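Here's the structure, in structure tokens; my notes come after.
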Ligand SMILES: Nc1ncnc2c1ncn2[C@@H]1O[C@H](COP(=O)(O)OP(=O)(O)OP(=O)(O)O)[C@@H](O)[C@H]1O
Ligand SMILES: [Mg+2]
């Protein structure tokens, strides 16, 4: 890296080690907003004095109870410390980990796999700063030292040559950093999280280019769960909470459109799907243009859908999505100018 470009990442320093947590016990209901009556009685420990790498939480994240149950086992280290979530784009995989970290006061460090991934992207490397060379730790040693979560996104892209080194970490082994001469033993709270859209070159993978069938020995070091989109009821409730000023009919229509587009995607009728990510953005754009939305709901919904999704899809997929919207709007008696 040229010396004049400042590296904004924090240098290796005292903050790379675990900060003493301050533990309080709160109910599952209070921490995750779960409505199940039993959630009031179950208390979990949370760190109320989190370190600087604890993510911010999203108050509108809607938990799928079964997923949360599995994630609680994982953070408690029951049956293993590595957990992989897979499922369609925008279903809430990365954000589930982020939310869990944010709400329980854990620190989180991220790495993303890709075909040309190099080990130094996880471990760190020497950097020149103000005339001297310093080793800047990557997300892996940071998480191992602080007892945080290492999130490996798009884990199915891990190149075969890097799997052996990662397996050692997944087995609970130490990390050797030749540049600093360190052997880092994992903090007992260190956890590995991973996400993928598809695990194999099967039906799912057709839609996610570059997906490779994952190495079985690697895969079996994880516990796992499939994350599907929220049910229509849960997604509707979440949109009402996140965007309370959006007319109820519009939210109902949005969720139906998303549901139909997802079904068409799974059936192979379009190459475009519509994750919760896009749905929320669609709602935000319409909310910002509430006047035109109320004046001519269907046209404004179509305009906003193009803005957040279909301007970047193939024409034929755009026509399919807009066709779904037209059909649903026609059956809903939305206001027209
Ligand atoms: N359960 C949910 N409740 C509320 N919002 C959600 C939920 N799931 C996803 N979202 C919204 O979608 C966005 C994207 O979610 P996330 O990044 O977790 O998707 P992903 O499954 O990791 O997708 P990708 O495979 O494309 O990485 C979130 O930032 C949030 O705005
Ligand atoms: Mg993701």
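Here, each number is a calculation from the coordinates, and none is a lab measurement. The structure displayed is predicted, hence computed values, not measured ones. Virtual Cβ from ideal backbone geometry, glycine too; neighbours counted across all protein chains shown.
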TODO: Identify which of 32, 307, 83 has the largest mean-square fluctuation in a Gaussian network model of the chain, with springs joining Cα atoms closer than 10 Å.
DONE: 307
TODO: Taking only Cα atoms and a 10 Å spring cutoff, compute GNM fluctuations for the chain and point out the largest among 25, 240, 86.
DONE: 25
Task: Listed peptides 106-113, 310-317, 169-176, 119-126 by packing density, highest first (mean Cβ within 10 Å) - done: 106-113, 119-126, 169-176, 310-317
- [ ] Assign one of three labels to the stretch 70-142, namely rounded, prolate or oblate, based on the Cα gyration tensor with a ≥ b ≥ c the square roots of its eigenvalues; rounded applies when a/c is under 1.5, prolate when it is not and a/b is larger than b/c, and oblate otherwise.
- [x] prolate
Task: Rough spin-label spacing in nm, given labels placed 7 Å along Cα→Cβ, for residue 179 and residue 220 - done: 3.5
TODO: Using only Cα atoms, tell me the angle between helix 93-104 and the longest principal axis of the chain; keep it within 0 to 90° and round to the nearest 10.
DONE: 60
Open item on the list: Need one number: nm distance between label points at residue 128 and residue 313, each 7 Å from Cα along Cα→Cβ, rounded to one decimal.
Closed with: 4.9
TODO: Could you tell me the distance between the Cα centroids of the stretch 226-304 and the stretch 131-151, to the nearest Å?
DONE: 39
Open item on the list: Relative contact order for the stretch 232-330: what percent, with Cα pairs under 8 Å and sequence separation of 6 or more?
Closed with: 29
Task: Antiparallel bridges, percent of DSSP beta bridges restricted to the chain (to nearest 5) - done: 45
Task: Value of relative contact order over the stretch 14-226, rounded to a whole percent, pairs C-alpha under 8 Å and six or more apart - done: 22
- [ ] Please give the contour-minus-distance gain from residue 168 to residue 277: 0.36 nm per residue of separation, less the Cα-Cα distance, rounded to one decimal in nm.
- [x] 35.8 nm
- [ ] Normalise the Cα radius of gyration of the chain by 2.2 N^0.38 Å (N = residues in it) and let me know the number.
- [x] 1.11
Open item on the list: To check my understanding: the extent here is largest minus smallest coordinate of the Cα atoms along each principal axis. What are those three numbers for the stretch 232-330, in Å, largest first?
Closed with: 35, 27, 23
TODO: Could you tell me how many degrees, from 0 to 90 and to the nearest 10, lie between the Cα long axis of helix 297-308 and the main elongation axis, the longest principal axis, of the Cα atoms of the chain?
DONE: 30
Open item on the list: If the elastic network links every pair of Cα atoms under 10 Å, which of 220, 64, 306 fluctuates the most in the Gaussian network model of the chain?
Closed with: 220
